[in-house]
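Novice: I'd like to ask you about the structure that follows.
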Amino acid sequence: MKLQSHTDMSAVHEHAHNHPNKKKVINRLARIEGHVRSVKNMVEADRDCSEVLIQIAAVRKALDNAAKVILKDHLEHCLLYAMEEGEGSKSLENFETAIDRYLR
């Protein structure tokens, strides 16, 4: 699977509108980052595999919840903005590609 660089992705999604959930997403990602570090520490400390797997499942759930916030923001703001700017078809195509990659 080829990942797009940050610069590639910004070229796909250029606009100047407000993302009302940006702070919420950043806060969630910061908590996830700390949680991942904790899981790493658990592995380094030879914690029980079952405990580690449970924590990994919690991280995955937290990432999915962050993705839901981003998805909602994209549907309610980015796609609407693209429609207003006459870029609806291209934005929808990019969105479908992102959803396909996310669901793999």
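Novice: (1) surrounded by 14 or more Cβ atoms within 10 Å (Cβ to Cβ); (2) at pLDDT below 90; (3) within 15 Å of the chain's Cα centre (by Cα): which one isn't true of residue 104, the others all being true?
Specialist: Answer for residue 104: the failing condition is (1).
Novice: Right, another one. Residues to consider are 82, 45; find the one that is modelled with pLDDT of 90 or more and either touching a Cys at 6+ places or on another chain (Cβ under 6 Å) or open to solvent by less than 70 Å² (accessible area, probe 1.4 Å) (or both).
Specialist: 45
Novice: What are the pairs, 6+ residues apart or on separate chains, where a residue within segment 79-98 that is assigned to a helix (DSSP H, G or I) has its Cβ under 8 Å from a residue that is open to solvent by less than 70 Å² (accessible area, probe 1.4 Å) and among the polar types (S, T, N, Q)?
Specialist: 79/91; 82/91; 83/91
Novice: Do we find that residue 92 is modelled with pLDDT under 95, surrounded by 13 or more Cβ atoms within 10 Å (Cβ to Cβ) and on the phi < 0 side of the Ramachandran plot in this structure?
Specialist: So residue 92 fits the description; yes.
Novice: A follow-up question, please. Select from segment 1-36 the residues that are closer than 19 Å to residue 82 by Cβ, of a type outside the set (Asp, Glu) and open to solvent by 100 Å² or more (accessible area, probe 1.4 Å) and write down the one among them that is modelled with the highest pLDDT.
Specialist: 22
The values are calculated or read from the model by the stated rules, or taken from the named source; none is laboratory data. What you see is a predicted model, and the numbers here were worked out from it, not measured in a lab. Every residue, glycine among them, receives a Cβ derived from its backbone with ideal geometry; neighbour counts consider all protein chains shown. Quick note on the areas: whole protein, heavy atoms, side chains included, nothing else; ligands and nucleic acids left out. Shrake-Rupley method; radii C 1.70, N 1.55, O 1.52, S 1.80 Å.
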